[in-house]
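The structure under discussion appears below in the form of structure tokens.
The values are calculated or read from the model by the stated rules, or taken from the named source; none is laboratory data. Here the structure is a predicted model, which is why all the values come from computation and not from measurement. Positions of Cβ are generated from backbone atoms using ideal geometry, with glycine treated the same way; all protein chains shown enter the neighbour counts.
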Amino acid sequence: MPGSIPGSPTIFPKIKYLDTAFAWCATQVSHNMRITAYLSRSRHRVFYFRWPIPACLHPDQKCSHVRLSLRTRCPATAQRLSRALVLAGQSGVTSAIAKNMRYAEIRQHVLEHFRGMLERFKDGIADAGPIEAMRLDALKASQSLADVDTDSWAGLVHPDGADGLLREFCALRGIPEDDLSADNRAWLLDAMRQGHQAFADRALGHVDTLNRFDLDMPPPDAAHSNADPAPAVDSASYHDVQDQYFTELDRTGQLAAKTMASKREALALLGEITDHKPIAAMTKADARQVKDILLRYPKNRNKLAATKDKPLSEILDLPGIETIAPRTVNASISSLQTFFGWAVSNGHASENIFDGTRGLCCTNRVMAEVPPSPDGLIPQLP
């Protein structure tokens with residue numbers, strides 16, 4: 001053709017049915033090329049299917065693959081079998097990656113949230129006196145929702161229903177919502193419903209106790225002196241307790257690599273801030289200091305030249321250095337709450353110093369500390 005480059009393919013004028021046919025053929029070729037990427041042949045010309053396994057799903061956290069003989073030398077048969085295997089592989093990997101949270105981990109998040117809420121409720125009454133009639137009615141209404149199904153309950157306690165409730169709770173606790181599977185979401189909603197009910201029962205019981213005066217009850221000092229002695233708390237070093245904690249987590253094999261790395265970073269920072277003092281010696285003051293540093297902690301500390309290999313005292317509040325995101329702050333606080341809950345259960349600490357520590361919520365316009373809300377399930381943003 002005139003103007004064509006010698007040796008190049010001839011380009012015919014556009015014809016509608018040819019364009020359609022070409023598009024169909026191109027789609028088929030592209031699809032077949034993706035399929036053949038998973039195929040290989042042995043020296044005997046037999047087709048094998050090779051499927052990659054992500055590092056996060058491997059016990060040793062390394063990339064690997066599964067190789068399966070298709071027992072055929074026919075390319076068409078191999079491609080047909082590969083299509084079904086690709087679909088099965090994609091479904092299996094997606095499902096395995098999504099199930100990052102165990103049921104026990106979900107329950108722990110909910111328990112810590114409502115325990116902290118109950119503590120704030122009791123502290124609020126101790127400081128400001130009896131609650132108002134409106135708040136008392138709200139608690140009684142919450143208590144009456146015990147027999148309501150989960151979806152209806154979520155619609156009653158949050159304006160955006162189950163999705164809004166999960167979104168806000170995950171932001172508050174530092175849980176990556178996108179990593180939750182359908183089962184995880186159902187477990188979390190049901191656990192929140194049960195936790196809300198338990199909170200309402202305990203809060204109303206506390207109010208009822210304060211409304212009654214038992215003159216035969218011993219004074220607080222006498223009651224405290226007659227109480228059983230506090231359980232013994234060991235004096236193990238910080239590193240010993242930390243190693244024991246991660247050894248138990250490794251044996252379960254249920255945490256994703258990303259979640260495990262996040263927990264290790266949070267505990268490493270805790271040790272750095274407290275100079276690795278024994279867990280039993282840590283106090284609420286240490287928890288407040290940790291949160292204060294998290295709010296000023298630089299993003300990508302180990303990658304930036306201005307912060308890499310430098311002590312904390314030199315990297316906080318540096319001009320022009322971005323701090324970690326609110327979700328990362330919440331995830332760190334949540335990891336520390338879980339760790340101290342385990343430490344208390346195993347006799348390494350007498351109290352969870354991070355109980356009641358509030359996280360951050362973030363919107364497109366504002367980042368604010370979540371205010372305590374004794375009555376509501378999830379504190380609302382200002």
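Laid out as a table, the results:
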| item | result |
| --- | --- |
| Matching residues in segment 341-376 - criterion: being modelled with pLDDT of 75 or more, of a type in the set (A, V, I, L, M, F, W, C), closer than 23 Å to K122 by Cα and under 20 Å from the mean Cα position of the chain (by Cα) | F354 |
| From T20, T94, T27, residue being out of contact with any strand residue (DSSP E or B) (no Cβ under 7 Å at 6 or more places or on another chain), modelled with pLDDT under 85, assigned to a helix (DSSP H, G or I) and closer than 30 Å to D183 by Cα | T94 |
| Among the candidates A78, A162, A138, A84, residue that is aliphatic (A, V, I, L, M), out of contact with any Pro (no Cβ under 9 Å at 6 or more places or on another chain) and surrounded by fewer than 16 Cβ atoms within 10 Å (Cβ to Cβ) | A84 |
| Conditions (1) farther than 23 Å from E351 by Cα; (2) more than 23 Å from the chain's Cα centre (by Cα); (3) modelled with pLDDT of 80 or more; number of the one not met by D250 | (2) |
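The rows are residues; the columns are (1) without any contact (Cβ under 8 Å) to a residue 12 or more places away in the chain; (2) buried (at least 18 other Cβ atoms within 10 Å of the Cβ); (3) among the aliphatic types (A, V, I, L, M); (4) out of contact with any Phe, Trp or Tyr (no Cβ under 7 Å at 6 or more places or on another chain).
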{"residue": "T252", "(1), (2), (3), (4)": "no, no, no, yes"}
{"residue": "T259", "(1), (2), (3), (4)": "no, yes, no, yes"}
{"residue": "A266", "(1), (2), (3), (4)": "no, yes, yes, yes"}
{"residue": "G271", "(1), (2), (3), (4)": "no, no, no, no"}
{"residue": "H276", "(1), (2), (3), (4)": "no, no, no, no"}
{"residue": "M282", "(1), (2), (3), (4)": "no, yes, yes, yes"}
{"residue": "Y297", "(1), (2), (3), (4)": "no, yes, no, yes"}
